[in-house]
Amino acid sequence: AVRWELDVVEPKYDGRWVTVRIAGGVATAYSRTGRHQFTRQVAAECPDAVLAGEYLFGTTWSKNREDAGCVRVFDCLEMGGCDLRDDSLRVRRDRLAALLGSQGCPDWLKLVGQWPIDQAAGLWRELVEEGNFEGIVFKSSSAPFGDGWARIKKTCTVDYVCMDVSK
């Protein structure tokens, strides 16, 4: 098994994980399970891409923030028809920053901040203990998508789906 060196840290938002597909002036967001979350028009000049992020909608935390309804984007999976999942996080983040700064990119897509790992303790205090973030995510800037991540949440939670209620 490959062991990735965790070298960057990001805040963990309390939202819904989504994949946003932008193509031909339309952005469509889907949950992890493929359920449609929303469709929005974007400028025709916005580059085609597939992004991963947290949709800040529906949680108590997201209702009281200035960016409620936006997507805090942390990764770029595809751009211009090219699959970036095997590229390093560093490359994907550079492509993501370029996309978010491009002509026609909607302002409801916002980049998740990222800091060197040596700032993790201070970020935990500032963002989680004193702020309202759910936790922090450690990542390896050299890893492909889905590898080299570790999440730490302030409060451990478990979600359950009720399948049946018997009398």
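Just one of the listed residues (GLY81, GLY34) is out of contact with any Leu (no Cβ under 6 Å at 6 or more places or on another chain), over 29 Å from LYS153 (Cβ atoms) and open to solvent by 40 Å² or more (accessible area, probe 1.4 Å), and it is GLY81. Looking across segment 16-33, the residues that are more than 12 Å from PHE57 (Cα to Cα) and among the basic types (Lys, Arg) come down to ARG21, ARG32. The residues listed here are TRP61, TRP4; of these, the one that is open to solvent by 70 Å² or more (accessible area, probe 1.4 Å) and aromatic (Phe, Trp, Tyr) is TRP4. Quick check on LEU77: is it part of a helix (DSSP H, G or I) and in contact (Cβ under 8 Å) with a residue 24 or more places away in the chain? No, not satisfied. The set of residues in segment 126-140 being assigned to a loop (DSSP other than H, G, I, E, B), farther than 9 Å from TRP4 by Cβ and touching a residue at least 60 places away in the same chain (Cβ under 8 Å) consists of ASN132, PHE133, GLU134.
Checking VAL50 against (1) open to solvent by 20 Å² or more (accessible area, probe 1.4 Å); (2) within 25 Å of ASP7 (Cα to Cα); (3) touching a residue at least 24 places away in the same chain (Cβ under 8 Å), only one condition comes out false. Which one? Against the list (1) open to solvent by 20 Å² or more (accessible area, probe 1.4 Å); (2) within 25 Å of ASP7 (Cα to Cα); (3) touching a residue at least 24 places away in the same chain (Cβ under 8 Å), VAL50 comes up short only on (1). Scanning segment 94-110 for residues being open to solvent by less than 30 Å² (accessible area, probe 1.4 Å) and in contact with a strand residue (DSSP E or B) (Cβ under 8 Å, 6 or more places away or on another chain) gives a total of 4.
The values are calculated or read from the model by the stated rules, or taken from the named source; none is laboratory data. Note that this is a predicted model, so its numbers are computed, not measured. Virtual Cβ from ideal backbone geometry, glycine too; neighbours counted across all protein chains shown. Surface areas here come from the heavy atoms of the whole protein model, side chains and all, with no ligands, DNA or RNA. Shrake-Rupley method; radii C 1.70, N 1.55, O 1.52, S 1.80 Å.
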